[in-house]
1. In this model, which of K254/K361; K361/K391; K45/K391; K236/K320; K68/K391; K80/K361 are farther than 27 Å apart at the alpha-carbon?
2. If I fit a long axis through the Cα atoms of helix 272-285 and take the longest principal axis of the Cα atoms of the chain, what angle between them do I get, 0 to 90°, rounded to 10?
3. Using only the alpha-carbon atoms, how far is helix 307-326 inclined from the longest principal axis of the chain? Give it as 0 to 90 degrees, nearest 10.
4. Below 8 Å, C-alpha to C-alpha, sequence gap of six or more: please give me the relative contact order for the chain in percent.
5. Counting other Cβ atoms within 10 Å, which trypsin sites (Lys or Arg not before Pro) in region 2-109 have at most 10 and lie in a DSSP loop?
6. What three numbers, in Å, describe the spread of the alpha carbons of the chain along their principal axes, ordered from the longest?
7. Using only the Cα atoms of region 326-369, build the gyration tensor, take square roots of its eigenvalues as a ≥ b ≥ c, and label the shape rounded, prolate or oblate: rounded if a/c is under 1.5, else prolate if a/b is larger than b/c, else oblate.
8. Projected onto the charge dipole of the chain (+1 at Lys/Arg Cβ, -1 at Asp/Glu Cβ, origin at the Cα centre), which of G121, C142, I16 gives the Cα projection farthest towards the positive end?
Amino acid sequence: MNKGRFIVIVLDSFGIGAMADVPEVRPADIGSNTCLHLLEYPAAKQWPTLIDLGLINALNKDVPGFPKSKNAIFGKSNLKHFGADSYFGHQEIAGTDPKKPLFTQIQRHLDDIEADLLSQGFTVERVSRGGLSLLKVNDVICIGDNMETDLGQAINVVGALDYCGFDLIDQVGQIVRKHVHVPRVIAFGGSGVTIERILDNIVVSGDFIGIDAPGSGVYDQNYHVIHIGYGVDTSKQVPIALANIGVENHFYGKVENIIYNPKGTSFACVDTEDTFDALLQDMKDYTTGFFFLNIQETDLAGHAEDAERYIDRLNVSDRKLAQLINCLNPQDFLVVMADHGNDPTIGHTRHTRERVPLLIKQTQHKGLIDIGERDTMADVGQTVADYFGTKIEHGTSFLDKIMK
């Protein structure tokens, strides 16, 4: 068993081009390429670390001013999960073999959710737009469809945090979870917003009604969130496989609330710099273990169609990645990747179904290694397991390619 550290950094939504099946399954994503379009966007990019790691090699396109690396281990991965989803994406990275999710609309479950809430002492009111309704709870929380990811894959519980606190938002989310079989119930809230502002941002699309979360302002200040999953078998994932052999897992950012951690530490955070700093501090304290980090602010910028903000968050990430690489020991491995795309220039606010880069750093390596195009991001989880001398059920390790 290796005694070093294996670190996986997910730059949330930083895809490198639409998957081949997009014309059939997601025509709105045709032409999406988050990385390329950000490179072309007229704002200053300070990405020397990402370029050195082989970002342009993985993108495999000539971009003026951004050369391919001559010393990198790189590749790309398709998404095995249906659609383009952060929750499923991270479950896939951890080793899940994802199945097509169950789709639904909040309309089908209003009666059951309302009755359960009322039975537990909540006040509930239906708020209607365009012939559809969502639920307002205790005049501080709204329950509706998630309008940012693939429609039908998630139900949102959105709260005005200053007026209800996060525990109440979580409690309502757990009640909703009992009545719907979508992959995620996402319970979240932020400070500095009111229920009136949340209701002012109700949007309707076809049979779906929910809150425009970026427009409501809940992401802007003191954002708190929990992703309440459904149908994921954590026993087949790499964190449990590692815990079973005594290896600790250290989770940071969104990973902390969507991946089960049976042994180790977790750090909940959204701010990019703070999330990296928590990892950098732990690099001083731990010489072995699996480190799994998500940078969420890139994804939030994609949802807001804010290319400048996206680039700024990548600039910060690049600087922090350079600091992280300086902390690596000779036996350590670093993988920098994404979980899907979220092209802020494509014309909609949802995730985009894109391949993701696999950029791998091992300080002793010299030259170029292309690990190819992987069928599933679970290959990363299997590689982590392989590194520590164990295995999981799904994915194909590429450790033999990067150990050369």
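Readers should treat all values here as calculations from the given coordinates under stated rules, not as data from a laboratory. Values in this document were obtained by computation on a predicted structure and should not be read as measured data. Because the Cβ atoms are built from the backbone with ideal geometry, glycine has one as well, and the counts that use them run over all protein chains shown.
1. Too far apart for the 27 Å limit: K45/K391; K236/K320; K68/K391.
2. Compared with the principal axis, the helix lies near 50 degrees.
3. For helix 307-326, the angle is close to 40 degrees.
4. On the way: 986 pairs, mean separation 119.4, N = 404.
Relative contact order for the chain comes out at 30 percent.
5. Details: sites: K3, R5, K45, K61, K68, K70, K76, K80, K99, R108; in loops: K3, K45, K61, K68, K70, K80, K99.
Of the trypsin sites (Lys or Arg not before Pro), not one in the loops of region 2-109 has a Cβ with at most 10 other Cβ atoms within 10 Å.
6. 63, 47, 38
7. Numbers: a/c = 4.15, a/b = 2.97, b/c = 1.40.
Judged from the Cα gyration tensor, region 326-369 comes out prolate (a/c at least 1.5, a/b above b/c).
8. Projecting each Cα onto the dipole axis, the largest value belongs to I16.
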